[in-house]
Each structure stands twice: as C-alpha cells, then as structure tokens.
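First the structure, in the form of structure tokens, and then the observations on it.
The values are calculated or read from the model by the stated rules, or taken from the named source; none is laboratory data. As the structure is a computational prediction, the values presented were derived from the model and not from experiment. Don't worry about glycine lacking a Cβ; one is built from the backbone with ideal geometry, like all the others, and counts go over all protein chains shown.
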Amino acid sequence: MDIRAIKLYLDLCDTLHFSRTATRMHVSPSTLSRTLQRLEDEVGSKLLERDNRSVTLTHAGEAFRRFASQTLTQWQELRRELDPQQKLLRGTLQLYCSVTAAYSHLPALLDKFRHQQPLVDIKLTTGDAADAVQEIQQQRADIAIAALPQDFPPSLHFAPIGEVPLSIIAPTINCQLQSLLAQNPIPWEQLPFIVPDHGPGRLRAERWF
C-alpha cells in the first residue's frame, strides 16, 4: 500500500466519481480502477459499490477512509519532521478554473509556482468559470482563475494576471449572417448571438447589447 494509492482513494471518496477523480489526480480511469482493486485485495474487503449511475462507500470503505486519512496525515507530519527544507511550504492547494484557462494561463503560472514551492501538491478542478467565486466561498477551492465579476465579494481578493477581450466570432462561409455583417452599418439587432448562460461574460454582453 503506497501513499499515492491512498491519495487516489481519498479523492475518490470525496468525488464518488471515477472520471472526475481521474481528471483531478492526472491518471487514467483504468489506472484508478486498478489502484482500487489492489487496495481492496490488500484490505480483503470491497470498499466501493458502483453501478452505471452512482458510487457509494461500503462499511469497509468508510473504515478504510478513516485509516487512509490518518495515515496520510501522519506521513505528511513525518516528512515535515525529517525534511531539512523546513522553510518551504507544504500541503495541498485546491485550484479551480475553466478548461480554457487550464491551457491558456495555468501552465506559465504553475511553472513559476513549482520552481518557488516544489513541495506543494496542486489539485486541479475544472468547470464553468462563472462558478469560481462560489467554489471558493463554499471552500471547495483555495484559489481560482476567472474573470472579475461585477459584484465581487469584499471578503475575497482579486489579482489580475491578464486581459482577455470580449470578442464576437462569426462564420466566414457564405450564409445569411455574412450578408448581415457585410452591411454598413451592421444591423446588430437582427443578428443571432450565442452567449454564456450566466456569469461576467453574460452580463458584459448584455450591457453591450
């Protein structure tokens, strides 16, 4: 039984979703399934019940969850005690952002952060950027990458890392939309738009309209 397997199991206990844990922990679903099977073989009991719609912990799974949590805590405390690099930060940072931001902004930020704080584990969750503030307020994330909302809570801190323009994208093929765009002035009120369902992008688009 290794620490990596324990971390995978604890995250799976939190999400109760194999694909989500595989994404968050940067492993394939098949690797996660094999890890769970090895743990169940070592424990000698079934830890999870799963079907096509849900995943639940068994009685043995709940007991092993408590053991795994205690074991991980003791391991982290031992590393802190034995590691001579006492001034470096340790622990897990819960990070939330959209899939787009994970490609456009996150790599450069993580490269710099890893160089400065190599002992911090990053746990990434992706989702709708409009939900970023709520994820932090409900303590499911420690930090998030998102556009600044109009009503930003005073209890949180926002630091700008870049600017992304609000752009209008249209097809270039010959179609009714192209004929409208070719007019001068453009009859904006006749154009169909696809905008975000909610969040800062939706509000800014509505103000522009």
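Free of Cβ contacts under 8 Å to residues at least 40 places away in the same chain, under 14 Å from K7 (Cα atoms) and part of a helix (DSSP H, G or I): does that describe R66?
Judged against the criteria, R66 is a match.
Which members of segment 114-137 meet the condition of being buried (at least 16 other Cβ atoms within 10 Å of the Cβ) and part of a helix (DSSP H, G or I)?
A129, A130, D131, A132, V133, E135, I136 - these are the residues of segment 114-137 that are buried (at least 16 other Cβ atoms within 10 Å of the Cβ) and part of a helix (DSSP H, G or I).
May I ask you to list the residues in segment 81-133 that are β-branched (V, I, T) and in contact (Cβ under 8 Å) with a residue 40 or more places away in the chain?
Residues satisfying the conditions are T125, T126.
From the list R66, R20, which residue is more than 23 Å from the chain's Cα centre (by Cα), of a type in the set (K, R) and not assigned by TED's automatic domain parsing to the domain that holds I136?
On the way: R20 fails: more than 23 Å from the chain's Cα centre (by Cα).
Exactly one residue qualifies, and that residue is R66.
Determine, yes or no, whether T23 is surrounded by 13 or more Cβ atoms within 10 Å (Cβ to Cβ), β-branched (V, I, T), part of a helix (DSSP H, G or I) and in contact with a helix residue (DSSP H, G or I) (Cβ under 8 Å, 6 or more places away or on another chain).
Against the criterion (surrounded by 13 or more Cβ atoms within 10 Å (Cβ to Cβ), β-branched (V, I, T), part of a helix (DSSP H, G or I) and in contact with a helix residue (DSSP H, G or I) (Cβ under 8 Å, 6 or more places away or on another chain)), T23 does not qualify.
Can you tell me which residues in segment 76-111 are surrounded by 15 or more Cβ atoms within 10 Å (Cβ to Cβ) and polar (S, T, N, Q)?
Scanning segment 76-111 gives Q76, Q94, S98.
Only one residue in T35, T73 is surrounded by fewer than 11 Cβ atoms within 10 Å (Cβ to Cβ) and polar (S, T, N, Q), so which one is that?
None of the others qualify; the one that does is T73.
Does L148 satisfy being surrounded by fewer than 15 Cβ atoms within 10 Å (Cβ to Cβ), in contact with a Gly (Cβ under 9 Å, 6 or more places away or on another chain) and either in a loop (DSSP other than H, G, I, E, B) or free of Cβ contacts under 8 Å to residues at least 12 places away in the same chain (or both)?
Working: surrounded by fewer than 15 Cβ atoms within 10 Å (Cβ to Cβ): yes; in contact with a Gly (Cβ under 9 Å, 6 or more places away or on another chain): no; either in a loop (DSSP other than H, G, I, E, B) or free of Cβ contacts under 8 Å to residues at least 12 places away in the same chain (or both): yes.
In short, no.
Residue under question is A141, and the condition is that it be buried (at least 17 other Cβ atoms within 10 Å of the Cβ) and part of a loop (DSSP other than H, G, I, E, B); does it hold?
Working: buried (at least 17 other Cβ atoms within 10 Å of the Cβ): yes; part of a loop (DSSP other than H, G, I, E, B): yes.
Judged against the criteria, A141 is a match.
Suppose we filter S155, S167, S179 for residues that are in a helix (DSSP H, G or I) and among the hydroxyl-bearing types (S, T, Y); which single one remains? Break it down stepwise before answering.
Values: S155 fails: in a helix (DSSP H, G or I); S167 fails: in a helix (DSSP H, G or I).
Criteria check complete, one pass: S179.
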